[in-house]
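**Q** Sending over a structure as structure tokens; questions will come in a sec.
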Amino acid sequence: MITARDLRNPDATCVRSAETPVDAARGTAAPGVGALPGRRPDEKPTGMLADRRVAVGAVTQGMPPP
């Protein structure tokens, strides 16, 4: 039986809480990446950051394109 552990990527790129929205956008721009796990400074997970959230946040905050 396949488990979630079998499907996960052990080398997953994460977005750190101190990174800028542009850094996060670059991380989600890679082919096949639609979301990144978020991490606090103590490396504990905080959730997922989706490319849609980055785009909507940038538009609603009036950020210019990178």
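**Q** Among the residues of the stretch 35-56, write down those that are at positive phi and open to solvent by less than 40 Å² (accessible area, probe 1.4 Å).
**A** Correct list: Gly47 only.
**Q** Within the stretch 1-34, take every residue that is more than 15 Å from Ala58 (Cα to Cα) and among the β-branched types (Val, Ile, Thr) and give me the one that is most open to solvent (accessible area, probe 1.4 Å).
**A** In this case the residue turns out to be Ile2.
**Q** List pairs: first in the stretch 1-25 and polar (S, T, N, Q), second in a helix (DSSP H, G or I) and open to solvent by less than 70 Å² (accessible area, probe 1.4 Å), Cβ under 8 Å, 6+ apart or cross-chain?
**A** Going by the 8 Å Cβ cut-off, the qualifying pairs are Thr13/Gly27.
The values are calculated or read from the model by the stated rules, or taken from the named source; none is laboratory data. Bear in mind that the values here come from a model prediction, so they are computed numbers and not experimental data. We place every Cβ from the backbone using ideal geometry, glycine too, and count neighbours over all the protein chains shown. Note: areas computed on protein heavy atoms with side chains; ligands, DNA, RNA excluded. Shrake-Rupley method; radii C 1.70, N 1.55, O 1.52, S 1.80 Å.
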